[in-house]
1. Find the percent of Cα-Cα distances in the chain that exceed 24 Å, and round it to a whole number.
2. At 222 nm, what value in deg cm²/dmol follows for the chain if DSSP H runs of at least 4 each add -39500 (n - 2.57) and the sum is divided by all its residues, to the nearest 500?
3. Enumerate the amide H contacts of Ser69 below 5 Å, restricted to partners 5 or more residues apart or on another chain; note that Pro and chain-start residues carry no placed amide H.
4. Could you work out the longest stretch of the chain that avoids the trypsin sites (Lys or Arg not before Pro) located in DSSP loops with at most 16 other Cβ atoms within 10 Å?
5. With charges set only on the Cβ (+1 for Lys and Arg, -1 for Asp and Glu), what does the dipole of the range 2-136 come to about its Cα centre, in debye to the nearest 20?
6. Considering amide H positions built from the backbone, and no H for Pro or chain starts, which residues 5 or more places from Ile44, or on another chain, come under 5 Å of its amide H?
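What follows draws every value from the coordinates through simple rules; no lab data is involved. Predicted model, so just to flag it, every value in this text is computed and none were measured. Reconstructed Cβ throughout: ideal geometry from the backbone, glycine too, with neighbour counts over all protein chains shown.
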Amino acid sequence: MGAAADAFSAAVQECSTLTVREQEAARTRIAHINRCIPCTDARIDDMAAWGLDEAFYANVDAPDPDRYSLRERLAIGFAERFAAGAETFDDAFWDDMRNAFDDGEIVDLAAGCAKWLGLGRINAVFDLQRSCPIRLKPSTQAKAA
């Protein structure tokens, strides 16, 4: 099971075409929802190069429009709804998503949310901890912010 989880995780992380900030906004919001400490503490390599700092990670639960782009705020909202269930996706939210993201990007975001929610939930349920922080490599296909 570990190899399969690693392969899924790597594919989602390495092949995403979303911006690094969009991915990190959604990933971190899911980590907070899961109360997964290793996931919450994870950081992207070379944060500053991607326009990320500790305040970005700390404030995803209440994203300020001056700090987060519309797409980043929508990614956070998508992550929240994904974690809560299908009934939380209303027509107005889907209209906003489709105005900001193309279909492939929405599927990309959904795959990321599935990875972060599922694997993070395993960490949280079994209270798995790490002695060193997780460092994530940005997608090689990520779009510029």
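1. On the way: 2584 of 10440 pairs.
Cα-Cα pairs of the chain separated by over 24 Å account for 25 percent.
2. Numbers: 7 runs with 87 residues, N = 145.
Helices in the chain give a 222 nm mean residue ellipticity of -19000 deg cm²/dmol.
3. none
4. Working: sites that count: Arg35, Arg67, Arg130, Lys143.
That gives 68-129 as the longest site-free run.
5. Working: 14 positive and 24 negative charges, 101 e Å.
Charge dipole of the range 2-136: 480 debye, to the nearest 20.
6. Leu136
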